[in-house]
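Engineer: Before we start, here is the structure in question, set down as structure tokens.
Only the coordinates and a few stated rules stand behind these numbers; no lab work does. What you are looking at is a predicted structure, and each value in this text was computed from that prediction instead of being measured. Backbone-built Cβ (ideal geometry, glycine too); neighbour counts: all protein chains shown.
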């Protein structure tokens, strides 16, 4: 199983007449790629292709098995009366005792600055808090690759910077890779990571 | 006041004794179904398929009615309809309902499933008018043959526990694919397999319940506890627990109410479910204040 993420001449065509790519890059374990660009430039499309959610037109993606996907707005979540602890349990690794898993969930919530919310219903939290819960779920998963699509767009500016710091610390400690789409790159400034800017319909890769 | 309460209590006790002596298999059947159907109904609501759970018992019954309209095939030597053929009709009706429901995109599912219900009712009525067994055979099937339930039929119904057990095992996978399909796919969980598993479990349970309890009671046990519980609990675990508790309560007291009020058994079960739901909701609101 490959350790890193290798993208070679990737082209994605999400709809007729819309084409994203070609694009190539490599991400090693522990590396973080910040994906930026204006609306409609294909950031989400690229991320979906990396997650295996969108068919690839041409090119190749070599990635480790499984990725943790955090969308800005989840597709169906509102129909299921999920509790916060249940969202975390769906994503977590099922290793260790019940008490250990409970402790891991509590720590993940603390890492996203949302302590003691385990027993709340997800729908009763604010939009920003719900996004933090989904981030905590991604941290708990065993997936070696994290794909975050504007995952902190509803989080306030101050917390966003703190969350970015926590996330970066976690990724460095666990050696996981991440591709992060954001319109607020300043929150991640000061942290060592690569960035890529996608102008509308044309892609450029940079360091 | 205490006299009236005492009379009601005595009436309930008498009905209980009467039912316990004569209708133990019927009680067993409704309780078995109440253990499994609300859980599947709740999962169906998570998948936005609550209307499908209304349609499936109707399509299963339409299949049963259709085979009863085929006199040469369904009549045995003594003129009774073949049990195997009724079973086959229910299976085919359920399968067809599942296949049709799977074709609908989310935005047309309401209209599509409503059309399926209407078509099933029309087929049932036409088959009923053509059937050589007439209404005498179809009416008990429609309202469920619970009161005249044979040990064999109860044994057959007990296999309804299999999809119930499967639902327990597959709960995490079903929830993940229903609540966050994209995240589940990205994590390597097949949403298609989970949908097939769920459809299979639902279809199997609905077919067995419709054969034994009839389409009306089957649909009621699928929908009422699920619709009530999904807004009641703080989480999915609570909703599953409360919907099953409500269905078991209804299945226990429903037959008692049906004897006291002299109404069909299914109507008794539904009435208890509705009253329980309304009372609990009112109580919750009061506590919340």
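Engineer: Rounded to the nearest 5, what % of the DSSP beta bridges within the protein assembly as shown are antiparallel ones?
Structural biologist: In the protein assembly as shown, DSSP labels about 45 percent of beta bridges as antiparallel.
Engineer: If I build a Gaussian network model for chain A, linking alpha-carbon pairs within less than 10 angstrom, which residue out of A:118, A:100, A:31 has the largest mean-square fluctuation?
Structural biologist: A:100
Engineer: What's the FRET efficiency of residue B:162 with residue B:261 using the Cβ-Cβ distance as r and R₀ = 41 Å, to the nearest 0.05?
Structural biologist: E between residue B:162 and residue B:261, to the nearest 0.05, is 0.75.
Engineer: List residues of region B:165-181, by number, whose backbone nitrogen lies under 20 Å from a label position 7 Å along Cα→C-beta of residue A:102.
Structural biologist: In region B:165-181, the label zone of residue A:102 (backbone N under 20 Å from the point 7 Å along Cα→Cβ) covers no residue.
Engineer: Once you put a point 7 Å from the Cα of residue B:102 and another 7 Å from the Cα of residue A:39, both along the Cβ direction, what distance in nm separates them?
Structural biologist: Placing both labels 7 Å along Cα→Cβ, they lie 3.9 nm apart.
Engineer: Which shape class applies to the protein assembly as shown: rounded if a/c is under 1.5, otherwise prolate when a/b exceeds b/c and oblate if not, where a ≥ b ≥ c are the square roots of the Cα gyration tensor eigenvalues?
Structural biologist: Prolate is the answer for the protein assembly as shown, as a/c is 1.5 or above and a/b outweighs b/c.
Engineer: Calculate, for residue B:231 and residue A:61, the FRET efficiency according to 1/(1 + (r/R0)^6) with r their C-beta to C-beta distance and R0 56 Å; round to the nearest 0.05.
Structural biologist: In this case the efficiency is close to 0.85.
Engineer: Just tell me how shielded B:238-248 is by partners: mean number of partner chain Cβ atoms within 10 Å of each residue's Cβ, no decimals.
Structural biologist: Taking the mean over all residues of the peptide, I get 1.
Engineer: Another question about this same structure. Across the residues of B:41-49, average count of Cβ atoms on other protein chains within 10 Å?
Structural biologist: Counting Cβ atoms of other protein chains within 10 Å of each residue's Cβ and averaging gives 2.
Engineer: Which one of A:45, A:152, A:54 has the biggest mean-square fluctuation once chain A is modelled by GNM with Cα springs under 10 Å?
Structural biologist: Comparing A:45, A:152, A:54 in the GNM, the peak value goes to A:54.
Engineer: Now a separate question. Pick from A:28, A:99, A:161: which residue has the top mean-square fluctuation in a GNM of chain A where Cα pairs under 10 Å get a spring?
Structural biologist: A:99
Engineer: Label chain A by shape, choosing from rounded, prolate and oblate, from the square roots a ≥ b ≥ c of the eigenvalues of the Cα gyration tensor; if a/c is under 1.5 it is rounded, and otherwise prolate applies when a/b is larger than b/c, oblate when it is not.
Structural biologist: prolate
Engineer: Can you give me the Cα centroid spacing of region A:101-168 and region B:242-289 in angstrom?
Structural biologist: About 40 Å separates the Cα centre of region A:101-168 from the one of region B:242-289.
Engineer: Please give the helix A:98-111 orientation as an angle from the longest Cα principal axis of chain A, in degrees from 0 to 90, rounded to the nearest 10.
Structural biologist: Tilt relative to chain A: about 60 degrees.
Engineer: In addition: Angle, helix A:127-140 long axis vs. longest principal axis of chain A, Cα atoms, 0 to 90°, nearest 10?
Structural biologist: 90 degrees
Engineer: Can I ask one more? Going by Cα centres, region B:209-237 and region A:15-48 are how many Å apart?
Structural biologist: 44 Å
Engineer: Moving on to the next point. Before anything else, pin down the relative contact order of chain A: Cα pairs under 8 Å, at least 6 apart, normalised by residue count, whole percent.
Structural biologist: Relative contact order here is 32 percent.
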